[in-house]
Amino acid sequence: MRELSLHILDIMENSVGAGATLIDLKVIEKGMENRLEIRIRDNGRGMPPYMLREVADPFFTTRTTRRVGLGLSLFQEAARRCEGEFHIQSREGEGTEVSASFQRDHIDLAPMGDMGSSLTSLIMGNPGVDVLYTHEVDGRVFSLDTREVKKELEDVPVNHPEVIRYLTEVIRDGLAELKKKA
């Protein structure tokens, strides 16, 4: 995958497939430490220990439509290629957390990509799943919580095209403001 936002979307789709109703995404950029951290935690089914040991293997998948599962293994390799780390923790019945760190100025670090489109495509296709997105750049924070958005919308569905367009703009503008102050 050429953008980190696509890795993030892939992992969040895994969360949805695991029955998650809440996905907590944190992106933390630390300029002074030259680090980028990405953490995705869900409240899905979680994984048994045997699956947790195998899940980053590209030849392991729970899908029946194909025999490979490249998402997590590609994300893991992206982190390692950029002098970072990759971790996955999971407990059955409690959920899963995937985290990766990267050296921010590494030549092989993929661009962040379009977080607005990635997040809203997940929201559009899964209106029953809530997303808490926090993006921090050197202590400045942008956040979006679909639970709060849904309260404001009342009877309008969160996946209504106008809402999706609005959320995409809010995310893009919020991230642009974070970057501008950096």
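The values are calculated or read from the model by the stated rules, or taken from the named source; none is laboratory data. What you are looking at is a predicted structure, and each value in this text was computed from that prediction instead of being measured. When we count neighbours, we look across all protein chains shown, and the Cβ atoms used for this are built from the backbone with ideal geometry, even at glycine.
Here is a list: Glu169, Glu177. Which entry is closer than 17 Å to Ser121 by Cα and out of contact with any Ser or Thr (no Cβ under 7 Å at 6 or more places or on another chain)?
Working: Glu177 fails: closer than 17 Å to Ser121 by Cα.
Only one candidate passes the filter, namely Glu169.
What are the residues in the range 125-147 that are among the hydrophobic types (A, V, I, L, M, F, W, C), buried (at least 16 other Cβ atoms within 10 Å of the Cβ) and over 19 Å from Gly44 (Cα atoms), if any?
To start, the set of residues in the range 125-147 that are among the hydrophobic types (A, V, I, L, M, F, W, C) comprises 129, 131-132, 137, 141-142, 144.
With buried (at least 16 other Cβ atoms within 10 Å of the Cβ) added as a condition, the list becomes 129, 131-132, 137, 142, 144.
Across the range 125-147, the qualifying residues are Val137, Phe142, Leu144.
All but one of (1) under 28 Å from Glu33 (Cα atoms); (2) touching a residue at least 60 places away in the same chain (Cβ under 8 Å); (3) not in a strand (DSSP E or B) hold for Ser121, so report the exception by its number.
Result: Ser121 fails condition (1) only.
Within the range 160-178, identify whether any single residue is more than 13 Å from the chain's Cα centre (by Cα) and at positive phi, and answer yes or no. I'd like the intermediate steps shown before the answer.
Within the range 160-178, the subset more than 13 Å from the chain's Cα centre (by Cα) is 160-178.
Within this subset, residues satisfying the condition of being at positive phi are none.
Scanning the range 160-178, I find no residue that is more than 13 Å from the chain's Cα centre (by Cα) and at positive phi, so the answer is no.
When you scan the range 144-169, how many residues do you find that are in contact (Cβ under 8 Å) with a residue 12 or more places away in the chain and not in a helix (DSSP H, G or I)?
Step one: of the range 144-169, the residues in contact (Cβ under 8 Å) with a residue 12 or more places away in the chain are 144-147, 149-150, 157-159, 163-164, 167-169.
Next, only the ones that are not in a helix (DSSP H, G or I) stay: 144-145, 157-159.
Number of matching residues: 5.
Within the group Asp145, Asp155, Asp108, which residue is closer than 17 Å to Ser5 by Cα and charged (D, E, K, R)? If you could, list the steps in order and put the result at the bottom.
Numbers: Asp145 fails: closer than 17 Å to Ser5 by Cα; Asp155 fails: closer than 17 Å to Ser5 by Cα.
Residue meeting the stated conditions: Asp108.
Please go through the range 28-48 and give me each residue that is exposed (fewer than 15 other Cβ atoms within 10 Å of the Cβ) and over 15 Å from Glu83 (Cα atoms), ordered by number. Working first, answer last.
Quick first cut of the range 28-48, residues exposed (fewer than 15 other Cβ atoms within 10 Å of the Cβ) only: 31-34, 48.
Matches in the range 28-48: Gly31, Met32, Pro48.
Of all residues in the range 1-22, count the ones that are outside any helix (DSSP H, G or I) and either crowded, with 22+ Cβ neighbours inside 10 Å or modelled with pLDDT of 95 or more (or both). Spell out how you get there, then give the answer.
Here is the first cut: in the range 1-22, the ones outside any helix (DSSP H, G or I) are 1-3, 18-22.
Checking which are either crowded, with 22+ Cβ neighbours inside 10 Å or modelled with pLDDT of 95 or more (or both) leaves us with 19-22.
Adding up the residues that qualify gives 4.
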